[in-house]
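Read the structure below first, then the notes.
The values are calculated or read from the model by the stated rules, or taken from the named source; none is laboratory data. Quick caveat: nothing in here was measured; it's all calculated off a predicted structure. Because the Cβ atoms are built from the backbone with ideal geometry, glycine has one as well, and the counts that use them run over all protein chains shown. Only protein heavy atoms, including side chains, enter the accessible area calculation; ligands, DNA and RNA are left aside. Shrake-Rupley method; radii C 1.70, N 1.55, O 1.52, S 1.80 Å.
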Amino acid sequence: MELPDTLPQRIYLLALDPERGRPPMGVHLNELVRAAALADLYLAGHLSDEKGRAVVAVRHPCHDPVLEAVLEELSSARRHRWQYWVGRRARQTAAAVRDQLADGGWVRVEKHKILGVFPTRRITPRDARLPGRLHHRVTAALRDPLPRIDPADAALVALAEAGRLRNILDRGARRTHKRRLADLKARTGPLPTALRKAIDAQNAAAAG
């Protein structure tokens with residue numbers, strides 16, 4: 001089975017723990033997926049950065065309904081900092097990406113109850129090889145010569161690091177590849193920093 005085309009779909013799959021059917025504890029999946037959608041639009045030239053704010057640069061069809069919806073949001077609103085847009089409607093964007101993956105046959109979505117009480121969804125890849133293929137792209141982006149790296153793979157790794165996907169990049173990997181991670185984040189523009197700020201703000205608010 002081929003990997004899905006868009007960055008938010010790939011980061012969603014990368015964030016899943018296949019055995020548990022959900023992301024590891026502490027992962028802010030909604031913001032991670034939303035940042036990936038913005039990064040996809042940024043890399044494609046639809047969005048640009050102007051003094052730390054997201055600006056619509058090219059308003060032509062994205063050929064993906066989730067990305068098109070995000071771009072429409074930015075087109076019809078005043079300019080805001082990237083962190084604002086990472087948090088804005090993040091839950092809805094992640095749900096739309098989940099539905100895309102289910103409709104496209106990449107994942108199976110099953111209703112489930114945690115401890116038999118709390119309703120949730122168990123999301124598992126239909127092809128057990130998909131997580132391994134995504135991990136391979138992460139490994140290649142960390143080790144291959146920079147000119148060979150696909151911008152989408154650079155963004156995938158940069159967002160995984162900013163989103164604290166420790167199942168993908170543990171402390172040792174972050175230490176070993178510190179310089180390469182900085183290069184990949186620079187290639188992804190303002191989104192890794194905006195994602196980290198959005199997550200830190202949520203954690204601070206939750207802590208009281």
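Of Lys197, Lys51, the residue with the largest accessible area leads and the full order is Lys51, Lys197 (1.4 Å probe). With the whole protein complex present, Asp150 retains an accessible surface near 70 Å², based on a 1.4 Å probe. Taking GluC sites (Glu not before Pro) as exposed when DSSP calls them loop and at most 16 other C-beta atoms lie within 10 angstrom, the chain has its longest site-free stretch at 20-208. Given a cut-off of under 8 Å on Cα pairs at least six residues apart, what relative contact order in percent is computed for segment 13-127? That works out to 28 percent.
When Rg and Dmax are taken over the Cα atoms of segment 135-208, they come to 12.8, 45 Å. The Stokes-Einstein estimate for segment 1-44, based on a Kirkwood radius over Cα pairs and taken at 37 °C with 0.692 mPa s viscosity, is a diffusion coefficient of 298 µm²/s.
The share of accessible area on the chain that comes from carbon and sulfur is 48 percent, using a 1.4 angstrom probe.
Taking all C-alpha pairs of segment 1-75, those more than 20 Å from each other amount to 37 percent. Site pair Arg174 and Ser76 shows an inter-label distance of 3.8 nm when each label is modelled 7 Å from Cα along Cα→Cβ.
Entry comment: accessible area of segment 57-178 is 60 Å² per residue, from protein heavy atoms only and a probe of 1.4 Å.
Across the chain, Cα pairs under 8 Å and at least six residues apart give a relative contact order of 26 percent.
The trypsin sites (Lys or Arg not before Pro) of segment 57-126 meeting both criteria, a DSSP state outside H, G, I, E and B (loop) and at most 12 other C-beta atoms within 10 angstrom of the site's C-beta, are Arg59, Arg78.
Note on segment 1-140: Rg/Rh from C-alpha atoms, Kirkwood Rh, equals 0.99. Mean separation of Cα pairs under 8 Å and 6 or more residues apart, divided by the residue count, gives segment 22-64 a relative contact order of 21 percent. Among His177, His112, His63, the sequence by solvent-accessible area, most first, with a 1.4 Å probe is His63, His112, His177.
Under the shape rule built on the C-alpha gyration tensor, where the axes satisfy a ≥ b ≥ c, segment 55-208 is rounded, since a/c falls short of 1.5. Along the Cα-to-Cβ line of His136, 7 Å from the Cα, sits a label point; which residues in segment 13-31 have backbone N less than 18 Å from it? Those under the cut-off are 13-15.
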